[in-house]
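No value in this document is a laboratory result; all are computed from the given coordinates. Everything quoted here is computed from the prediction, not taken from an experiment. Cβ coordinates were reconstructed from backbone atoms using ideal geometry, including for glycine residues, and neighbour counts include every protein chain displayed.
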Amino acid sequence: MFRTLWQYRHFIISSIRGDLKGRFVRSRLGGLWFILHPLAQALIFSIVLSEVLKARLPDTDAPAAYPIYLLSGMAAWSLFSEILMRSMTVFIEQAPVMKKIAFPRLCLPIIVGGTALINHLLLLVALFVIFIFLGHIPGRALVLLPVGIVLIAAIGFGLGVILGVVNVFIRDVAQVMTIVLQLWYWLTPIVYPVNVLPEKYGFLIGLNPIAPLVALYQDALLFNRWPDPGSLIMPAMLGLASMAFAIVFFRRASPELIDVL
């Protein structure tokens, strides 16, 4: 399988390029929409929570700390949610292509993941520009950001492929996951710091594999803090396990996908 995917690497790269261009055909701003949507959402949250509701972070008195905290967390979450949701629906969306052209079907979620990673890198560049405008320069802990990117992409890809295959046979999966992701978002310390949660709900954060990765972003981009290596063990294990299971599960179900689609 991996040898075949490597042989189709030019197809994957050209498909990623075509996906990026095709999203905004006839658009005046083009690729800027990749970063304007999440930035606009984060800006609304920042204004409502930091200015209207006077939300503040307990660990710092910097006036721009909360918007930076929020933007950092939302950047991590947007990468995870985009890979997961698009991988979950890609087989159904690309059913006509799968029926007409012979190629490794696993190329489809890889193309989705590659597109999401490019979007994410563009978003990070935009965030750095905003941070500089706010008078904040991330410190040396920034070098650990690729670790968070790799782990988030691995978890999103693994879960997305598994749920994507199941979604072909049971179409309710995508609808259920839309609700689950909304709950998952609010159970992740993105809008609020983890220490404001009541103690009886603290165990939910410990069970959330995305929470340490969101915290890694926030520590690297805002606090210049190195993460606890132990907190990354569960996300790393889940990423490896989900990707391994996704590949095995996909290989077993792949012959039946075309018939069901």
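Worth pointing out:
- Against the main long axis of the alpha-carbon atoms of the chain, helix 33-46 sits at an angle near 40°.
- Each of LEU213, MET1, LEU232 was placed along the dipole of the chain (beta-carbon charges, centred on the mean Cα), and the one lying farthest toward the positive end is MET1.
- Each residue, MET234 and VAL143, gets one label point 7 Å from its Cα in the Cβ direction; the gap between the two is 2.8 nm.
- A Förster radius of 25 Å, combined with the Cβ-Cβ distance separating ARG3 from ASP259, puts the computed FRET efficiency at roughly 0.45.
- Rule-of-thumb Rg ratio for the stretch 172-261 [Cα; 2.2 N^0.38 Å; N residues]: 1.40
- The stretch 93-136-the stretch 185-261 distance, computed between alpha-carbon centres (Å): 19
- Counting all C-alpha pairs of the chain, share separated by more than 24 Å (%): 51
- Rounded to the nearest 20, the Cβ-based charge dipole of the chain about its Cα centre (Lys and Arg +1, Asp and Glu -1) stands at 900 debye.
- 0 to 90° range, to nearest 10: angle between helix 9-23 axis and the chain longest Cα axis: 60
- Approximating the spin labels as points 7 Å out from Cα along Cα→Cβ, the LEU122-to-PHE245 distance works out to 3.3 nm.
- Approximating the spin labels as points 7 Å out from Cα along Cα→Cβ, the ARG252-to-ILE179 distance works out to 2.8 nm.
- Folded to 0 to 90 degrees: helix 233-260 orientation relative to the chain principal axis, Cα: 30
- Trypsin sites (Lys or Arg not before Pro) restricted to the stretch 166-261 and DSSP loop, no more than 12 other C-beta within 10 Å: ARG171
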